[in-house]
Structure formats: C-alpha cells, structure tokens
Amino acid sequence: MRTVTASTDDLDALRRRDPDALAAAGREHSRRLYRAARGMGFDNHEAEDLVQDVFLIFLTSIDRFEGRSRLSTWLFGILLRKAQERRRSRGREEQHDTLDEEWAAHFDAAGRWVRPPASPDAALASRQMAGAIGTCLDDLSPQQREVFVLRLQDELPARDVSNVLGLTVTHIGVVLHRARVLMRKCLDMKGWQVNAS
Amino acid sequence: MMTCRDVSTTVATGRVGEQPLTTRLQIGMHLAICVHCRRFWQQLRAIDRGVVGWLRSVENDAPPDLSERVARRLVADPGASSKTHPTSPGAPGA
C-alpha cells in the first residue's frame with residue numbers, strides 16, 4: 001500500500017487528483033479519522049458520515065494545503081471543524097466545572113498530597129474498566145475529548161494539536177490536565193481506587 | 001524546589017518535555033523519590049493506555065469496507081462536485 005506524506009511529489013499528485021494518490025490517502029487515513037470521531041463522542045453512523053465529510057472537504061481544499069504539516073494533521077483539522085459544526089447543531093455547549101478548586105483540594109498549603117494516590121492496579125485493563133472508560137469519556141466536555149483524543153491518537157505532538165484546534169500549547173496543556181483529572185475522578189467513582197486507603 | 005502539586009500538575013499537562021532542563025531534572029528527581037507523585041503519574045499512564053485501548057476497540061465498529069469506500073468515492077468524484085461545502089475549514093498548520 002502506498003503511503004501518503006506531505007512530500008512535494010505526493011502533494012502534486014493529490015492536487016492533480018491523481019486517482020492512485022487519492023485512493024491511497026483515503027485508505028491510509030479513513031479508519032484513523034473514524035477512531036478519532038468516535039473518541040470525540042460520535043456514534044458509529046455519525047463517525048462514518050464525518051469521515052466522508054472530511055474527504056469531501058479535503059478535495060475542495062487540497063490546493064490550500066502547503067505541506068507544512070502532516071496530511072493527517074490537516075485531515076484532523078477538517079474533522080475537528082466538522083465535528084464542532086455537528087455539535088453546534090445539537091446545541092452542546094462547554095460547561096463550567098469546579099475542577100480547579102477540586103484539584104487544589106488534593107494538596108495542602110505546602111503543596112503535598114492530602115490523600116496519597118494509590119498504586120494503579122491491573123483492574124483498568126479489565127473489560128469492566130474498559131467499559132467505564134467509554135462512559136467517563138462521555139463526561140468530558142467536547143473540547144476536553146478533542147484534546148485528549150488528538151494527543152493520544154498516534155501520539156500527536158502538542159504543537160500539532162495546537163494547530164488543529166487553534167489553541168495555544170499552554171491551553172492544550174491546561175485542557176489535557178483537566179481531562180485527565182476528570183477521568184481519574186470518574187474512574188474512582190466507578191471502582192478504580194485512585195487514593196490509598 | 002518543586003512541590004507535589006507543581007510536579008503532578010506539570011505531569012498532567014503533558015508538557016514535561018517542554019520544560020527547561022533544570023525543571024525536567026527536578027521533576028525526574030521528585031518522581032524518583034516521591035512515591036505519591038510516582039503513583040499519580042502511573043495512574044495517568046494507565047488511564048491513557050485505557051483510552052487508547054478503548055479507541056482501538058471502537059475502531060472495530062467501523063464498517064470493514066470503510067477505507068475502500070472512501071477511496072472509491074475519492075477516485076470517482078475527485079472534484080467533490082456532488083456536494084458543496086460553503087464553510088470550508090481554516091488551514092490547520094497548512
């Protein structure tokens with residue numbers, strides 16, 4: 001299978017709408033985009049629709065792709081915007097949470113843990129906890145899911161996630177911190193003991 | 001001197017690698033000697049692994065022929081003429 005990168009030759013081929021290059025791009029990136037869409041909270045059918053939408057937009061915007069980022073980063077950017085459009089149409093908004101205060105409460109005035117974290121056990125790997133992870137991801141805000149999934153998806157660097165989301169690297173870090181702490185809290189409530197007893 | 005709160009917050013932001021060398025060394029030393037922060041860090045890694053595993057598992061829900069259908073559609077309609085998108089996205093790091 002041919003691998004599409006942002007090399008000049010590949011870019012030229014894509015811009016010419018070369019059938020082999022287009023097919024290779026579709027084959028290489030479809031499932032990865034589908035996985036990201038599911039990670040962002042869309043169901044099976046919505047995720048498939050989003051993948052199709054991404055490639056339609058890709059075809060109309062390929063002439064603007066200069067190859068300074070990876071093709072996958074470009075496609076994730078399109079996916080993100082399509083995902084946000086869909087969410088807006090559903091009326092899902094970011095919600096304020098009290099996580100900063102909760103995080104601060106984990107530490108005393110000297111910055112030491114008030115309730116020491118427990119040693120993580122293998123329970124997280126069990127099927128039951130795998131199900132809990134899906135449920136806990138649902139508790140994150142759309143932006144937290146986007147950052148979390150894009151950072152973990154192919155270990156996309158913070159700089160690329162920053163480009164895709166249009167957020168500063170600092171903001172990406174803040175959102176990732178909140179997403180991870182919320183996941184930890186949620187998993188704790190579902191039986192994964194995070195604090196030593 | 002970094003506190004547990006400083007170290008755990010930096011670890012959770014995923015930005016340890018961007019810190020100056022002296023800060024990275026402090027974080028490494030702190031994690032080496034502080035079992036609480038080490039456990040917190042291990043918990044985050046376990047959560048990350050769990051999420052990656054979940055993402056891989058939901059990928060199995062995708063139609064087996066998704067990639068081929070997308071590839072065929074791209075080849076059949078390279079101008080994307082069947083559908084217009086008036087709100088093209090911005091260029092993410094074009």
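The values are calculated or read from the model by the stated rules, or taken from the named source; none is laboratory data. Keep in mind that this is a model prediction, so the values were computed, not measured. Virtual Cβ from ideal backbone geometry, glycine too; neighbours counted across all protein chains shown.
Can you find, within region A:136-159, the residue that is farthest from A:Gly191 (Cα to Cα) among those that are assigned to a loop (DSSP other than H, G, I, E, B) and of a type in the set (A, V, I, L, M)?
A:Leu156
Look through A:Ser69, A:Ser30, A:Ser61 and report the one residue that is in the same structural domain as A:Ala13 (by TED's automatic domain parsing), assigned to a loop (DSSP other than H, G, I, E, B) and within 26 Å of A:Ala158 (Cα to Cα).
Exactly one of A:Ser69, A:Ser30, A:Ser61 is in the same structural domain as A:Ala13 (by TED's automatic domain parsing), assigned to a loop (DSSP other than H, G, I, E, B) and within 26 Å of A:Ala158 (Cα to Cα), namely A:Ser69.
Can you work out which of the residues in region A:175-194 that are free of Cβ contacts under 8 Å to residues at least 12 places away in the same chain and within 16 Å of A:Ser119 (Cβ to Cβ) is surrounded by the fewest Cβ atoms within 10 Å (Cβ to Cβ)?
A:Asp188
Which pairs do you get when a residue that is at the interface with chain B (Cβ under 7 Å from one of its Cβ atoms) and surrounded by fewer than 19 Cβ atoms within 10 Å (Cβ to Cβ), found in region A:58-70, comes within reach of a residue that is part of a helix (DSSP H, G or I) and of a type outside the set (Phe, Trp, Tyr), reach meaning Cβ atoms under 9 angstrom, with the pair 6+ apart or on two chains?
From residues that are at the interface with chain B (Cβ under 7 Å from one of its Cβ atoms) and surrounded by fewer than 19 Cβ atoms within 10 Å (Cβ to Cβ), the pairs are A:Glu66/A:Leu11.
Which condition breaks for B:Ala71 when tested against (1) surrounded by fewer than 20 Cβ atoms within 10 Å (Cβ to Cβ); (2) modelled with pLDDT of 85 or more; (3) touching a helix residue (DSSP H, G or I) at 6+ places or on another chain (Cβ under 6 Å)?
(1)
Going through region B:14-68 one residue at a time, which ones are facing chain A (nearest Cβ under 8 Å), of a type in the set (S, T, N, Q) and surrounded by fewer than 20 Cβ atoms within 10 Å (Cβ to Cβ)?
Once the filter is applied, which keeps residues that are facing chain A (nearest Cβ under 8 Å), of a type in the set (S, T, N, Q) and surrounded by fewer than 20 Cβ atoms within 10 Å (Cβ to Cβ), region B:14-68 yields B:Gln42, B:Ser57.
Looking for whichever is more than 7 Å from chain B (Cβ to nearest Cβ), over 24 Å from A:Arg38 (Cβ atoms) and at pLDDT 85 or above here; the options are A:Ala104, A:Ala122. Which one fits?
A:Ala104
From A:Gly111, A:Gly41, A:Gly77, A:Gly26, which residue is in contact with a Lys or Arg (Cβ under 8 Å, 6 or more places away or on another chain) and under 23 Å from A:Asp138 (Cα atoms)?
Going through A:Gly111, A:Gly41, A:Gly77, A:Gly26 in turn, just one is in contact with a Lys or Arg (Cβ under 8 Å, 6 or more places away or on another chain) and under 23 Å from A:Asp138 (Cα atoms): A:Gly41.
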